[in-house]
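Note sheet for the following structure.
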Amino acid sequence: MCGIIGLFLKDKSLEPELGALLSDMLVLMTDRGPDSAGIAIYGAGKEGFSKTTVQSQAPGSDFEGLAADLQKAIGVKPSVQIKSTHAVITLPTDRVAQAREAIEALRPGIRVTGSGEYVEIYKEVGLPEDVAKRFDLAAMTGTHGIGHTRMATESAVTTMGAHPFSTGPDQCLVHNGSLSNHNNLRRELIRQGMTFETENDTEVAAAYLSSRIGKGMNLGEALEGSLRDLDGFYSFVVGTRNGFGVVRDPIACKPAVMAETLRYVAFGSEYRALANLPGIEDARVWEPEPSTVYFWEH
């Protein structure tokens, strides 16, 4: 049992409040997932530059001097913004792959949680309230975001096992459920060139969607394919650079509720995750249908 949330803003005047709204939604799902929590937030970007969010179990030593060491390795000085156990490294987009190789060599203890022009991904072991405070989530701004509170049932409680999972630029996914064919699908995706950080089935689902988007499909088309190719029971909430999508498996045994107003679209595992959103009393509220793809794009 896990808790998943998502918020896609239509009204730009709400963008300064995105982090605070997501933080409240995340904390309200604590009893569905007290082991760890994570958030992906899509904020401001700069043309020609990308952000890579990284995590370390030893941030004091791993982050010290990282900018200077990367500059020596790749010839460009990055911006490194440290937030607790995470750091956001901003570089020209054409240097991101080179920087990731350099980070792996220079700081083997660092793990990448996500990258893209707009997304930042923060996740850690601990209660959702503590995780939200650690990264000052309430102060973040942006256009949309997704989050997850985890109750581990099939794997260890670790930072990298926490959601969201990101396997493509500005792409990420949170999941409540379990996939039965993830091992076979992982092997097929590896043959296609995808790489994996964990044995988590959710990372396979994220990589599957990234693979399809990489072949030119939009988010809606990629989610339609998941209904055919993924076995198991699941509710997915997905983020892309300009989009937000939801899909449930054909049985739809995992709880889910959505709300839409002129100002936003929201998702929660339970209605209480949405209860404090502005104007929720006037929202259209519904349970997403089985085998039905819902997605919105800016």
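For this structure, a couple of remarks:
- Condition met for S61 (farther than 26 Å from T143 by Cβ and crowded, with 17+ Cβ neighbours inside 10 Å): no
- Where helices (runs of 4 or more DSSP H) sit wholly within the stretch 1-90, those with at least 3 residues that are over 23 Å from H163 (Cβ atoms) occupy 59-63, 66-74.
- Taken as a whole, the condition of being among the hydroxyl-bearing types (S, T, Y) and in a helix (DSSP H, G or I) applies to S226.
- Residue within the stretch 217-232 that is open to solvent by 10 Å² or more (accessible area, probe 1.4 Å) and over 25 Å from E287 (Cβ atoms) present: yes
- All strands (runs of 3 or more DSSP E) inside the stretch 103-206 with 2 or more residues being charged (D, E, K, R) and either closer than 26 Å to A58 by Cα or open to solvent by 10 Å² or more (accessible area, probe 1.4 Å) (or both): 119-125
- If the condition is being of a type outside the set (D, E), open to solvent by 10 Å² or more (accessible area, probe 1.4 Å) and within 12 Å of L7 (Cα to Cα), then the stretch 22-38 contributes only S23.
- Test set (1) open to solvent by 40 Å² or more (accessible area, probe 1.4 Å); (2) under 13 Å from V119 (Cβ atoms); (3) among the hydroxyl-bearing types (S, T, Y) - S50 fails condition number: (1)
The values are calculated or read from the model by the stated rules, or taken from the named source; none is laboratory data. On a predicted model such as this, the values are computed, not experimentally measured, just so you know. Counting neighbours? That spans all protein chains shown, and the Cβs are built from the backbone with ideal geometry, glycine included. Surface areas here come from the heavy atoms of the whole protein model, side chains and all, with no ligands, DNA or RNA. Shrake-Rupley method; radii C 1.70, N 1.55, O 1.52, S 1.80 Å.
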